[in-house]
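A short reminder: the numbers here are calculations on the coordinates, not readings from a lab. All values reported here derive from a predicted model rather than from experimental measurement. All Cβ positions, glycine included, derive from the backbone under ideal geometry; neighbour counts span all protein chains shown.
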Amino acid sequence: MNKPVAPPAPAERRPTDWQTPAMQRRIRRRYAAERRFRLLGLAAVFLSAAFLLYLLATMIGQGASGFTETRIALPLDLRGRVVVNPARLNGAGADLALAGAGLENAVDAAANAAYPRQGGATLLSDGAWLRVRDAIKRDPALLRTPTTIDVPVASAIDMAYKDDGDAASEAAVAALRPHLSRELNRGFFAGSDATDPTRAGIWGALKGSLLTMIVTLGLAFPIGVLSALYLEEYAPRNRWTDLIEVSINNLAAVPSIIFGLLGLAVFLGTFHMPRSAAVVGGLTLALMTMPVIVIAGRNAITAVPPSIRDAARALGASPIQVVFHHVLPLALPGILTGTIIGMARALGETAPLLMIGMRAFIAAPPGKLTDPATVLPVQIFLWSDEVQKGFVEKTSAAIIVLLVVLLAMNGVAIYLRNRFETRW
Amino acid sequence: MSALALLFLIAALGLIGWIVARARALRFRASPTRRFSSLPQHHGWFVAMWTLLPALVFLGIWHVTAPALVTDAVIASPAAATLPPPGLDRAAILSEARNLANGDAYGAFHPMSETLAPLYAREQSRHDWTATAIALLLAFAGGALAFLRVRPGFSARTQVERVVMGLLLVASLIAILTTIGIIASLLVESARFFQIVPITQFLFGTHWSPQVIDARDPGASLGAVPLFWGTFFIGAIIAMAVAVPLGLMSAIYLTQYARHTTRRWMKPMLEVLAGVPTVVYGYFAALTVAPAVRDLGVALGIRWASSESALAAGVVMGVMIIPFVSSMADDSLSAVPAAMRDGSLAMGATQSETIRRVLVPAALPGVVGGVLLAVSRAIGETMIVVMAASGVASLTLNPFASTTTVTKQIVDLLTGEAEFDSAKTLAAFALGLTLFVITLLLNVVALIVVRRYRESYE
């Protein structure tokens, strides 16, 4: 009983013989597993990167042609067909005068005369006569001399010239090829939404985005920075500040569509603000962006070392002076970085804006904040729903523009961070 | 006077107040004997503040109340004696008259509104001028009174700082207001919905087809279980099946294996994935991934391979979430104490054995918390499912079949032409409330898990 058990006689200790085939096999197996695991990791990284590259390549491949338009050389003789008093060609009445004089019909007739067998006027884009109109306004002599002018072609011909059309249009293009040319589509950057893909442009949506972002920035930045300062520098620790803190952290994680519901119920339902206006979109996105700015701001403010505050206070600065003269300027690069990232997110946001009615067809750029507007991501969404084939390249081209803007914003944020961030 | 011009005028008064008060303070500070509590600019700000604040507060209140005052004045006038009694007709005539007066409309449906329009215009301009006069008077009086207080012994700084402090507090209260606004608007509209449709029928009903709602029993076609399943299937199963392995392995590779230079290039590249707007992912999913998935389904011999399959939406959503999972995993892996890793390596384990048997188990709570946050993000994601998933609700386990999600249904229900308080639009708010509660719970649980885990290693 309870006799101490003698330790077993120590087996003769020999160093492990790593050279035996069994051991060698085991080591090889372990190293193979190591290599496999490492490859798996590398594959995961490459797969993610490949997806990104594939996405970008698809968009660029489809969208690049959206920046160009096909034009056809149209022999034009307007003598006697379009009679306009030259005095009316200057100033605001010119558009009306030319339209009233039957310019559209004259252009169609010219196309019918020049290309009777390939489709005549159906070859031209709906906006072709507008191009002629602008040319006449620049040079009224066109009304008196026969000339040849390059005008945009209809969407089907445009697609066929870009090797993506239907059989009939391909045949027409084959016959017309010497008369066709490909040019930069300036209208894409100057126009707004249109039912005809050859006339659709992104300027209206870009301007809507710009107005919306101005409202968002104007509200979210000051409010975000001020509340970050309050929470980080002055707030007493009590239940109220806990509540503020919890709600800010939660707001940052609330799905964006919920903010859209809020905007719909409060701004449109209760305050009767205009539907699909940039100001409502801006307000909604500001509520969404504000928590992002607060969180980034608080991180930047905590990073400012306490010694700065102590030094300022020791020299007699009041709490407000400490913060506004010393802490805020030092934290500003970090706050700005967070703000730009938050704004980039808001700029790419679509769902909440759909909720407040920003999905209408809007053919003119908004003039003021309360005008019906659309924004670039929503425009992309609307175009992606269009059945006409010509909108595919427009959608991808608009996506390229959006991605370039977002990348530029993120680039600025990274630059700011690297250039101005101080490591204490 | 236009509102903008008025604002500029008030701002100009404020600027003048600032300059004058500062100049006065500078003058009395010239005496070398005294010590002052405030800088000259504090006096300037004090006067500017008293010039701006009362006038702006008045204008804010006026802006809200003035339309009602104008309408009251119009109704009280003798010309309006023949208006129909209060009701829809009366409101229509008044709003037409207002539009005519503002120049927003060119013709009117009711002849009455044409007679009222000039009256409206007159009343409006009278009220505008009154408001302008009062605002300017307030600005001037406020500024003047404040200016009289600018004396050597007056501590303008405490006054200014008190107001700044108030501003800070108000700014931080806006977050609470937003939260309250969200909860209130969702609750109020949902409550109205649950008066029409019993909450149990909504939460446990298995038939969802809002296109045809039987007016006698609207709840019969508003059972949300298929939506919850679809959301869970796409966001929590398919998307996570893509995002968790890829995100976790990328994080492991980038933190444990990659050289510093590789890491410096690869990490931002992954972050770009997170910066791509969701509408772009949605377009990509609908245009490229969905047809490929359908072809794959057909090639595999699946009969119900839809071009709006759950798989396409889920895979693209998973790719979107990769950087999120990866950065959460990155954080939790680097929070594991180095001693554990070094101990394992010193015992002769290979690097992959260390990672699999020591690092990942130790970091697991953090990773799980991160995955929960990722799930909450995925189920709240809207554009990808709006563009790539179908609108038909079905309870299916087949990833090639079409399913719909809560967010997709919210968008579909609200972007129709429905009235604001039909059962359909109210159902969207009920879905929104459910989504809000679920994401909130996921976030709270995830944060608790992550925090516990952090504490255990600190």
Residue-normalised 222 nm signal for chain A, counting each DSSP H run of n ≥ 4 as -39,500 (n - 2.57), nearest 500 deg cm²/dmol, is -19000 deg cm²/dmol
Using only the alpha carbons of segment B:107-178, determine the length spanned along each of the three principal axes and report them from longest to shortest in whole angstroms.
-> 65, 38, 11
Placing +1 on each Lys and Arg Cβ and -1 on each Asp and Glu Cβ in chain B, then taking the dipole about the Cα centre, the residue among B:324, B:23, B:132 whose Cα reaches farthest towards the positive end is B:23
So how much slack lies between residue B:225 and residue B:76, counting 0.36 nm per residue of separation and subtracting their Cα-Cα distance, in nm?
-> 48.1 nm
In whole Å and largest first, what semi-axes does the C-alpha gyration tensor of segment B:119-229 yield when each eigenvalue is scaled by 5 and square-rooted?
-> 56, 25, 8
Ranked B:375, B:20, criterion: other C-beta atoms within 10 Å, fewest first | B:20, B:375
Taking the convex hull of the alpha carbon atoms in segment A:65-184, what volume per residue do you get, in Å³?
-> 96 Å³
Can you grab the distance from the C-alpha centre of segment B:247-291 to the C-alpha centre of segment A:356-409, Å, no decimals?
-> 25 Å
If you take the square roots of the eigenvalues of the alpha-carbon gyration tensor of chain A and sort them as a ≥ b ≥ c, do you get rounded (a/c under 1.5), prolate (a/b over b/c) or oblate?
-> oblate
Longest principal axis of chain A (C-alpha) makes with the long axis of helix A:328-347 (C-alpha) an angle, in degrees to the nearest 10, of 50 degrees
Grab the eigenvalues of the alpha-carbon gyration tensor for segment A:214-254, scale each by 5, take roots, and send me the semi-axes largest first in whole angstrom.
-> 21, 14, 6
Select from A:42, A:106, A:120 the residue farthest towards the positive end of the dipole of segment A:9-154; place +1 on Cβ of Lys and Arg, -1 on Cβ of Asp and Glu, and compute about the Cα centre.
-> A:42
Could you pull out every one of the lysines with an alpha carbon less than 23 Å from that of residue B:408, ignoring same-chain neighbours closer than 8 positions?
-> B:424
Charge dipole (debye, nearest 20) of segment B:3-154; +1 at Cβ of Lys and Arg, -1 at Cβ of Asp and Glu = 1540 debye
Mind checking Rg over Rh on segment A:151-276, alpha carbons, Kirkwood formula for Rh?
-> 1.28
Whole-number D in µm² s⁻¹ for segment A:1-129, Kirkwood Cα-pair radius fed into Stokes-Einstein, 10 °C, 1.306 mPa s = 66 µm²/s
Using r as the Cβ-Cβ distance of residue B:299 and residue A:270, and R0 as 51 Å, what FRET efficiency do you calculate, to the nearest 0.05?
-> 0.45
Tell me, what is the FRET efficiency for residue B:206 and residue B:184 to the nearest 0.05, using R0 = 22 angstrom and their Cβ-Cβ distance as r?
-> 0.10
In nanometres, the difference between 0.36 nm per residue of separation and the alpha-carbon distance of residue A:112 and residue A:414 is 103.1 nm
Approximate spin-label separation residue B:338-residue A:240, in nm, with each point projected 7 Å along Cα-to-Cβ = 4.5 nm
Any number yet on Rg/Rh for segment A:121-207, C-alpha, Kirkwood?
-> 1.01
Please work out how much length the chain gains when fully extended from residue A:58 to residue A:40, using 0.36 nm per residue of separation minus the C-alpha to C-alpha distance, in nm with one decimal.
-> 3.9 nm
Whole number please: convex hull volume per residue, Cα atoms of the protein assembly as shown, in Å³.
-> 300 Å³
Mind listing P(r) for segment B:218-456? All alpha-carbon pairs, 10 Å bins, whole percents.
-> 8, 27, 30, 21, 10, 3, 1, 0
If N is the residue count of segment B:3-154, its Cα Rg over 2.2 N^0.38 Å rounds to 1.55
Footprinting exposure proxy for B:36, B:400, A:46 (fewest neighbouring C-beta atoms within 10 Å first) = A:46, B:36, B:400
Size of segment B:176-296 as Cα extents on the principal axes (Å, biggest first) = 66, 48, 23
For A:383, A:18, A:203, order by how many other beta-carbon atoms lie within 10 Å, fewest first | A:18, A:203, A:383
Which distance in Å, rounded to a whole number, links the C-alpha centroids of segment A:293-342 and segment B:330-383?
-> 33 Å
Selection from B:414, B:210, B:362 lying farthest towards where the dipole of chain B points positive, charges on Cβ | B:362
With eigenvalues of the C-alpha gyration tensor scaled by 5 and rooted, chain B, Å = 55, 41, 18
Given charges at beta-carbon only (K, R positive; D, E negative), |dipole| of segment A:203-420 in Debye | 180 debye
Between residue B:149 and residue A:407, Cβ-based FRET efficiency (R0 45 Å, step 0.05) works out to 0.25
Given the rule -39500 (n - 2.57) for each run of at least 4 DSSP H residues, summed and divided by the residues of chain B, what is its mean residue ellipticity at 222 nm, to the nearest 500 deg cm²/dmol?
-> -24500 deg cm²/dmol
Given charges of +1 on the Cβ of Lys and Arg and -1 on the Cβ of Asp and Glu, with all other atoms neutral, how large is the dipole of the protein assembly as shown about its Cα centre, in debye to the nearest 20?
-> 3640 debye
Projected area of segment A:203-420, taken from the Cα convex hull and averaged over every viewing direction, in nm²?
-> 13.8 nm²
Descending principal axes extents, segment A:285-391, alpha-carbon based, whole Å | 70, 25, 20
